[in-house]
Amino acid sequence: MNETISLWGQRLYRQFSLMLANQPKLSYYLQPLLRWNNAELHPDYYSARIVDSGWETEQILSVWLEPEPSWTGFTPGQHLLVTLLHQGRYISRSFSISSSSGLFAQQKQIRISCRIQPQGQFTKALAADIAKLTHLSISAATGDFVLEPQTDGAPQQSIVMVAAGSGITPLWSMLNSLRCWTSPVVLFYCVKNAAQAAFLTELRLLAAKQPLFELQLIETASTGRLNLVQQLKENTKVSLTNALYYLCGPAAMSRQYKDDLIQQGVPSDAVHAERFGLELAATQGPVKQALLIEQGKVTTIEAAAGVPLLQAAEQQGLSPRFGCRIGVCYQCVCQKKSGQVLNLRTGQISGDGPEQIQLCISAAHSDLQIEL
Amino acid sequence: MKLTEQQLSELAAELDQVKANVMNQLGDKEARYIRRMLLTQRLSAISGRILMVLGFVTPWLWVFGVALLALAKILDNMEIGHNVLHGQYDWMNDPVLHSKRFEWDIACDAGSWKRTHNFEHHTYTNIIGKDRDFGYGLLRLSNDFRWRLRNLWQFVTYLLLSTLFQWGVSYHELAGERVFFGKKKADRVNSVSHSDLKKAFFGKGARQLFKDYVFFPLIAGPMWLWVLAGNVLANLIRNLWTSTVIFCGHFTADVHTFTQQQCEGESRGHWYYRQILGSSNFTGPRWFHILTGHLSCQIEHHLYPDMPALHYLTVAPQVQAIAKKYGIAYNSGSFLRQYATVVGRIIRYSFPGGKATPA
Ligand code: FES
């Protein structure tokens, strides 16, 4: 009942706004007035004031943000979409929050920590602009990569965390937010060498203070890749099959460890993995033709196997709408009229008929017709 | 046809280069410019509507209010709407300024506009029988068309069309698709169903009518008649202005028309060639160009419909030089002179005969 009322309310508001301002919401109309001084803020997101910024390591930049009061808060481990106006253009990327829930509760601040990649469009722009920026736009926090609530009375399960590189961010947020420690926690922190490990001092401090916490720093440059299963078998504190797992790192790594653990008899719902980056399904094949139709105007593009259609379209000078570019935000959705696409995240091949696809994670599997 | 295919492809390469020089530089400057336009538009719309109500203090405030609202509508339709809908600012990735989501303060539904204007008119510019913008199916503007009795009073038709221009534009696609009257032409492939066309036409039209002629007069209380009259006037000013600008861009004396055979399988160079000959520019001060949405540089706009319009003035001398090099007529003149030739053209072809347009 209430739902129908609010649904009707929403429809009425939309119609009213369309009538009055030709915009789906009035805030779009008022945006130039309200933010005349802060044009860098994206109308769809919350504004966050930049409080401070600093380098954790040579490559990892931390930015402290104070979101506007209406921002809805977060659970440690969640991520958000950060949007930046760079050279007149909105670009976005998703980041895990690296600060604790305590910091947000007390000072209304959050921190994101980003590895600045020389090839990364967003992170490079962020590092270049950070000194002159005053605000960033942020989305609400989302994601289910959070600590499972431990139910009272149930036997306590120990926790195993694996972080690779900047994959430490959501895990550090979880650890730093833990108030009552009831079971052992082991963190395998894989970095090239200790100099590249963000939050290392804080982690060591925690390990010294908290007997239930064990930090295992894996310097892959000297000791090679972490062999998770073997390490766990040698570890006396945790039982391999009766632990909760939290993996955060490049998509390929997380998948590998998850497979290994499942093989050892760990139930698959005990393994939580946050993958960052777009794991491109390996593909080869002949170049396909995609017809992109924009209000009747047809542009033909060459779509190579495994190349996201968004990227292919941009290379031809088109500018479809986009956001995260990794299949999270659904801003790039458009209608495929015919042909098959390969979903680069799942590796699944679509049907041949009309359907909605995300341009940023779809590649041509056959010749295509797409309505932009 | 004077240019060889070889020359045409060189022409295309030179014109492409001019475009690339601008498009590679897009950034803060263009973003700031269009945002400032948006701010100006919002401020004049809101203050215009408020001042109209204050007309009881002195009618001058009402006059001022009408002028501001007309300005807001002109900016919204021309420098902002027309250009945003061409995708000139899509690269900014801003939902408020993206062609996919933009809707404007005019009776015509943005989707319908993008199909008839961006696609039909810009692709088939001045090809008789393909570009229905050439005369809008109402006016005989060259001797490519058979003379009919109704052409005798077409100057009156023209005045009516200008007065109701927003409705003409809005009905344009439905007329072409023969939604209400006439027999469907076999060669038209329509991507949108008749019922969707009707829905968009009536939906958008009703919203615009309700806003200007019901909602705002109602909330003005005792001043309702002033507001109603002011809104009618503001819409009228916008209609006359947009219609005049557009007529000056395509229907001046020296504009060329083309036949379908001439353009079958045409090269990119020929397309460029046709765009230069099918359009005309007019001169004026900077603010004047802004009010026309830079359609005063119709030639540049037709060559580069997706280049942010503020650059048309800067590339115009380069385009003119290239046109001169290839001996292509570059049609430019003062606003009044161009408009006089438009009127002349409408009147001349009211009568049978007339000289064949060169192509
Ligand atoms: S850009 Fe975010 S889902 Fe494609």
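The values are calculated or read from the model by the stated rules, or taken from the named source; none is laboratory data. Just so it is clear, the model here is predicted, and its values are computed rather than measured. Using ideal geometry, Cβ is built from the backbone for each residue, glycine included, and neighbour counts are taken over all protein chains shown.
Annotations for the structure displayed:
- Some residue of segment A:103-117 being surrounded by fewer than 22 Cβ atoms within 10 Å (Cβ to Cβ), in contact (Cβ under 8 Å) with a residue 60 or more places away in the chain and more than 14 Å from chain B (Cβ to nearest Cβ): no
- Cβ separations smaller than 6 Å between residues 6+ apart or across chains give the following pairs from segment A:246-266 residues that are buried (at least 17 other Cβ atoms within 10 Å of the Cβ) to residues that are part of a helix (DSSP H, G or I) and of a type in the set (A, V, I, L, M): A:248/A:171; A:257/A:228.
- Lone qualifier among B:229, B:206 - being part of a helix (DSSP H, G or I), among the aliphatic types (A, V, I, L, M), away from chain A (no Cβ under 12 Å) and free of Cβ contacts under 8 Å to residues at least 24 places away in the same chain: B:229
- Of the residues making up segment B:98-118, those that are within 13 Å of the chain's Cα centre (by Cα) and at the interface with another protein chain (Cβ under 8 Å from one of its Cβ atoms) are B:114, B:118.
- On the stretch given as segment A:310-327, residues that are under 24 Å from residue A:250 (Cβ atoms) and near the ligand (Cβ under 10 Å from one of its atoms) total 7.
- Test: residue in segment A:269-278 that is assigned to a helix (DSSP H, G or I), away from the ligand (no atom under 16 Å from the Cβ) and away from every other protein chain (no Cβ under 14 Å): yes
- Unique residue being modelled with pLDDT of 95 or more and away from chain B (no Cβ under 14 Å) when the list is A:99, A:47: A:99
- Residue match in segment B:166-184 (condition: touching a residue at least 12 places away in the same chain (Cβ under 8 Å), of a type in the set (Val, Ile, Thr) and in a helix (DSSP H, G or I)): yes
- Selection status of residue A:232, touching a residue at least 60 places away in the same chain (Cβ under 8 Å), closer than 21 Å to residue A:272 by Cβ and part of a helix (DSSP H, G or I): yes
- Any hit, segment B:221-229, residues being within 20 Å of the chain's Cα centre (by Cα) and surrounded by 23 or more Cβ atoms within 10 Å (Cβ to Cβ): no
- Scanning segment B:14-40 for residues that are facing chain A (nearest Cβ under 8 Å) and either of a type in the set (Ser, Thr, Tyr) or within 16 Å of residue A:21 (Cα to Cα) (or both) returns B:38, B:39.
- Residue that is farthest from the other protein chains (Cβ to nearest Cβ), among those in segment B:60-97 that are of a type in the set (Asp, Glu) and either in contact with a Cys (Cβ under 7 Å, 6 or more places away or on another chain) or assigned to a helix (DSSP H, G or I) (or both): B:79
- Residue A:72 vs. criteria exposed (fewer than 14 other Cβ atoms within 10 Å of the Cβ), of a type outside the set (A, V, I, L, M, F, W, C) and away from chain B (no Cβ under 14 Å): yes
- Wholly within segment B:273-341, helices (runs of 4 or more DSSP H) carrying at least 1 residues that are within 30 Å of residue B:5 (Cβ to Cβ): B:298-303, B:312-325
- Meets criteria (surrounded by 14 or more Cβ atoms within 10 Å (Cβ to Cβ) and modelled with pLDDT of 80 or more) for residue A:283: no
- Test: residue in segment A:290-305 that is within 24 Å of the chain's Cα centre (by Cα) and away from chain B (no Cβ under 14 Å): no
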